[in-house]
Amino acid sequence: MTIESVIGILLLLFSFILILFYRNKARRNETNLRIKKNTPKTPIHFKEINFLNEINDPIILLDKYKTINYINKEGIKKFGNQALGKHIASIIRVPDLLQSIDLCLANKTNEIVDIEINIPLFQFFKASIIYNKNKDLQYDESVVLFLKDITEIIKAQRFRSDFIANASHELKTPLVSIKGFLETISGPAKDDKKAQEEFIPIILQQANRMENLINDLLSLSRIELEEHLQPQDKVNLKEIFQSVEDIHQNKLKEFEFKNNLTEDIYVKGDYEGLLKVFSNLIDNSIKYSENNKIIEINHREIKGKLLGIAYEIIVSDRGIGIHKDKINRVTERFFRVDPFKSSQRGGTGLGLSIVKHEINKHRGVFEIESDLGMGTKSIVYLPKYD
Ligand code: ADP
């Protein structure tokens, strides 16, 4: 092979490699062009992300100076329509949150912090502070604040711990008294028959108080556990009131008891549950009546109060009544208008709370009308059985 032919072959190979290289480059350029065509010319603005307004939690975008650049509809609802363009510290004055935003910007990291805001409303949020490095967005450096409202969860937790504290206190009071009297009659008054005769009934009374309290607590927790299950039995309210009258016959002897529910009327419910409801209402009318000892039961069929036809049952007394400001609190656990009167009369402070939950379980309605010194009407609506 001559030198000329070797050079010729090499030139041919070289030009072949060149052709291949330019062909690939052309292809690469074409794909780049295609990618560029799909990339928007102007970066996306937060305002254009419409679904953020559909989210039921506040979302706020801050620039690197912590100025609010965007706030979604829920954020405006919570923090007002003046928030846009303002510094975050003038809208949410919570040191923990501001510190976490600083940390997020300084370290370019995401942060999570629980915050409590008391103005304008008492609210709790879990704040996710997200460092935003998305180049598609208009801002070179920004922070997204996502505020998850956890007020209901915190309230439920506080309610539970308050309830445990209240229940323990209520149980401790009679227990301390029982212990004290037992120590006296087994110690200094060991041979004092008179003291023993005086103290033993008090011990029994306090033990009964504890028993009533424990029974009411158990009833309440059982009803709450099953509140989602509507009872479906056919219950005759006439029979319920006959049983209630039997249970309270001794105390009712002092009363003019006008029971106008003398016909068979049937509601959809649970016999034991409804017996507890009306027994508690009559018990309260007995406990909180002083001079005017009249209790009356009335009923009527009614449309429009519940889904379908309902029965309205009214237990009225002419007792001490409830002050207007206190009426909507009497169904709260352990709430008593007059704690001394209630405990003197064997009350646990749980009776109306049990009534409210039991009626809720029956998909009924419970209302109270009362006038101080004039008496109280407890009104129960229950679905008619058909
Ligand atoms: P209690 O065991 O103390 O009676 P309840 O839950 O049954 O607890 O009732 C709560 C409070 O509501 C009572 O302590 C009492 O102050 C008030 N109340 C309930 N029923 C009546 C009524 N018929 N008349 C006057 N006050 C009532």
Answer from L229, L204, L225, L218 - the residue that is in contact (Cβ under 8 Å) with a residue 24 or more places away in the chain and on the phi < 0 side of the Ramachandran plot: L229
Counting only residues that are away from the ligand (no atom under 12 Å from the Cβ) and among the small types (G, A, S), which one in region 265-304 is farthest from H248 (Cα to Cα)? G304
Condition met for L350 (within 26 Å of the chain's Cα centre (by Cα), on the phi < 0 side of the Ramachandran plot and near the ligand (Cβ under 7 Å from one of its atoms)): yes
Test: E254 is of a type in the set (D, E), over 37 Å from the mean Cα position of the chain (by Cα), within 16 Å of the ligand (Cβ to nearest atom) and loosely packed, with under 14 Cβ neighbours inside 10 Å: yes
Out of I322, I286, I314, I282, which single residue is open to solvent by less than 60 Å² (accessible area, probe 1.4 Å) and part of a strand (DSSP E or B)? I314
Within the group V337, V380, which residue is β-branched (V, I, T), within 28 Å of the chain's Cα centre (by Cα) and near the ligand (Cβ under 8 Å from one of its atoms)? V337
Filter result for the condition that a residue is aliphatic (A, V, I, L, M) and touching a Ser or Thr at 6+ places or on another chain (Cβ under 7 Å), over I178, I112, I117, I101: I112
Of all residues in region 227-251 being assigned to a strand (DSSP E or B) and open to solvent by 50 Å² or more (accessible area, probe 1.4 Å), the one that is nearest to E301 (Cα to Cα): K234
How many residues of region 143-201 are among the aromatic types (F, W, Y), open to solvent by less than 100 Å² (accessible area, probe 1.4 Å) and not in a strand (DSSP E or B)? The answer is 3
Of those in region 316-326 that are more than 8 Å from the ligand (Cβ to nearest atom) and touching a residue at least 12 places away in the same chain (Cβ under 8 Å), the residue farthest from F255 (Cα to Cα) is K324
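The values are calculated or read from the model by the stated rules, or taken from the named source; none is laboratory data. What you are looking at is a predicted structure, and each value in this text was computed from that prediction instead of being measured. Cβ: placed from backbone, ideal geometry, glycine included. Neighbour counts: every protein chain shown. Note: areas computed on protein heavy atoms with side chains; ligands, DNA, RNA excluded. Shrake-Rupley method; radii C 1.70, N 1.55, O 1.52, S 1.80 Å.
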